[in-house]
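The values are calculated or read from the model by the stated rules, or taken from the named source; none is laboratory data. None of the values given here were measured: they were computed from a predicted structure. Backbone-built Cβ (ideal geometry, glycine too); neighbour counts: all protein chains shown.
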Amino acid sequence: MYFQPINHRKIQTFVAHFVKRYQYTGQIGFDFLEEPHGDIFVLECNPRATSGVHLFSVEDNLTQAFIKTDKNVMIPKQPQAKMVAAGMLIFGFPYGINCGGFRQFAQSYRAAFDVIFSKNDPAPSFYQFISLLETLFESVKQRTSLWKAATADIEWNGEKLK
């Protein structure tokens with residue numbers, strides 16, 4: 001829900017090495033964990049774009065990554081925190097209050113741009129609340145938390161498959 005761009009030398013080195021070693025082309029997305037002493041570990045690798053795509057803006061011309069055949073790495077030109085504002089208010093606010101306090105949540109919220117809202121096309125911002133109502137309905141129906149209802153169809157934690 002909150003996407004913070006970072007420039008991390010170890011991560012860039014790892015990804016460059018991985019792509020070269022496996023002669024990888026196309027989209028790739030990693031999730032990393034950084035330990036307090038600086039070591040990094042790969043948590044997940046996806047052979048597709050992931051949430052980090054939100055960090056690109058129209059001006060970055062991301063479509064060129066699919067059209068051009070050069071092997072240049074695309075990095076957002078204006079690194080700016082992004083967020084799904086409705087999700088931040090519903091899920092991030094309670095978490096932020098419990099973990100970092102209201103001030104930290106408010107600073108982060110003000111620093112980011114909403115990836116859903118566009119003054120040229122405000123409809124998606126409105127319709128996301130319909131999606132939220134569906135999630136709320138599922139939460140009540142399944143007698144589970146709103147978070148579990150929101151991620152039920154995309155999360156797998158090693159449970160036995162049916």
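Among the residues of segment 131-147, is there at least one that is at pLDDT below 85 and on the phi > 0 side of the Ramachandran plot? So far as segment 131-147 goes, no, none of its residues is at pLDDT below 85 and on the phi > 0 side of the Ramachandran plot. If you go through segment 2-46 and keep only what is under 27 Å from residue 116 (Cβ atoms) and loosely packed, with under 11 Cβ neighbours inside 10 Å, you end up with 6, 7, 26, 43, 44.
Of the residues 60, 70, only one is modelled with pLDDT under 80 and either over 20 Å from residue 153 (Cα atoms) or within 18 Å of the chain's Cα centre (by Cα) (or both); which? Walk me through it before giving the result.
Details: 60 fails: modelled with pLDDT under 80.
On inspection, the qualifying residue turns out to be 70.
Taken over segment 86-107, the residue count meeting the criterion of being among the small types (Gly, Ala, Ser), at pLDDT below 90 and over 19 Å from residue 53 (Cα atoms) is 4. Residue 96 fulfils the conditions (1) surrounded by fewer than 13 Cβ atoms within 10 Å (Cβ to Cβ); (2) of a type outside the set (Val, Ile, Thr); (3) under 30 Å from residue 9 (Cα atoms) except for a single criterion, (1). Taken over segment 63-74, the criterion of being of a type outside the set (Val, Ile, Thr) and loosely packed, with under 15 Cβ neighbours inside 10 Å is satisfied by 64, 66, 68, 70, 71, 72, 74.
Please count how many residues of segment 5-24 are touching a helix residue (DSSP H, G or I) at 6+ places or on another chain (Cβ under 8 Å) and either closer than 27 Å to residue 107 by Cα or among the polar types (S, T, N, Q) (or both). Residues meeting the conditions: 1. For segment 1-29, what are the residues that are aromatic (Phe, Trp, Tyr) and more than 22 Å from residue 87 (Cβ to Cβ)? Within segment 1-29, 14, 18, 22, 24 meet the criteria. Among the residues of segment 16-58, write down those that are in contact with a Pro (Cβ under 9 Å, 6 or more places away or on another chain) and not in a strand (DSSP E or B). Across segment 16-58, the qualifying residues are 24, 26, 27, 28, 52, 55, 56, 57.
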